[in-house]
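Input: a single structure, listed below in structure tokens.
Any read-out appearing in this document is the output of simple, stated calculations on the displayed coordinates, not a laboratory observation. None of these values were measured; they are calculated from a predicted model. When we count neighbours, we look across all protein chains shown, and the Cβ atoms used for this are built from the backbone with ideal geometry, even at glycine.
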Amino acid sequence: MRFFRLLLVLSQIGSLAARTAPIRRYEANIVPVAIAQDREGVLWLATTGGAVRGVMRFDGLRFETVQAPAGIDLSGVTAIGAAPDGSIWIGTPKGLIRYRGGSFAMVLPGEIKSLRVTRAGRILTSVGEGAIFHTAMHSDPDPIRWSRQGVAAVVGAFHEDLDGKIWFGCGAFICSASEAEFKAVAAGAKSSTLQRIASVTGPGSSGKTVNWADVVKAPDGRIWARNGPDVLIVENGRFMRVAALPVETFGGVRPEFFLDHRGRLWIPNRKLNFVERGKIEELDEALESVTAVFEDRQNTLWFGLAG
């Protein structure tokens, strides 16, 4: 049996120094690799294993499989996000699908490598073998006006910090941009205006080829990144390895970092780790093979598990 579990009261805990928290468990034979919440409060789950390979909804009481019409294939879903207008955005190997007003539409063809719907409602995605960076606003009329960002191929996931800035790997660099900067590029400004940090490794680094799976800035100013199993931070302009944490994939999807509203960074892998006061800790609970981390609007954390 594979489980989907709810961590009930973590949002009420100021510190996880004890590394424990009460857990409420919801069981379903699925492997959720991404979670989003629509404006009605319903959770949408992208699942890659178990009884369902596709999209499910969970209203707190029951799980419901989302049925798509002919021509829309949800079976390979790898990412999901919810926009302020109520639309749901679904990343698949065949393209980006939008669900709005009860209807599905393929809005961007090509394999979706990564997807992020920001709090401002901006859609960020990388597409195809070249991981070409596309962005648009959720409110754009049909056909959507996709803006291709002229940066190096996007590497890994997009992450949003608490100030609304987006962080991601771009070639051998780490890139970041605010909503204002994305708007400027969409209006014709050069994408070279986006901020970039060269991947210069320090004495404690692994020396491996850079493959930034995750990058995000914490409220204390530290930039955290993952290159393979290595978790690193930026210190004095150089990347220093902090730990090596084994990483699992589920249906080809690698669990992503998650920054909660308190600025606590969650690092899912075979165990569930988190960053507290600049130090990586492990949650002392039976949470193994963590597939996804998500925080809803009530600041409750949800964890997907496989196992």
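Brief remarks on what is shown
- Against the rule of thumb 2.2 N^0.38 Å, how large the Cα Rg of segment 3-305 comes out: 0.96
- For segment 260-307, the orientation-averaged shadow of the C-alpha convex hull comes to 3.3 nm² (one quarter of the hull surface).
- Placing dummy labels 7 Å off each Cα toward the beta-carbon, the span from ALA172 to GLU27 is 5.2 nm.
- Computed E for ALA68/ASP140 - FRET, C-beta separation, R0 22 angstrom, nearest 0.05: 0.50
- Three-way shape label, segment 218-307, alpha-carbon gyration tensor, a/c 1.5: oblate
- Extension reserve of the GLU282-ALA244 stretch, reckoned as 0.36 nm per residue once the Cα distance is removed: 12.4 nm
- Sorted peptide list for 256-265, 103-112, 134-143, criterion being average Cβ within 10 angstrom, highest first: 256-265, 103-112, 134-143
- Electrostatic dipole magnitude of segment 3-305 [Cβ: Lys, Arg +1; Asp, Glu -1; Cα centre; debye, to 20]: 440 debye
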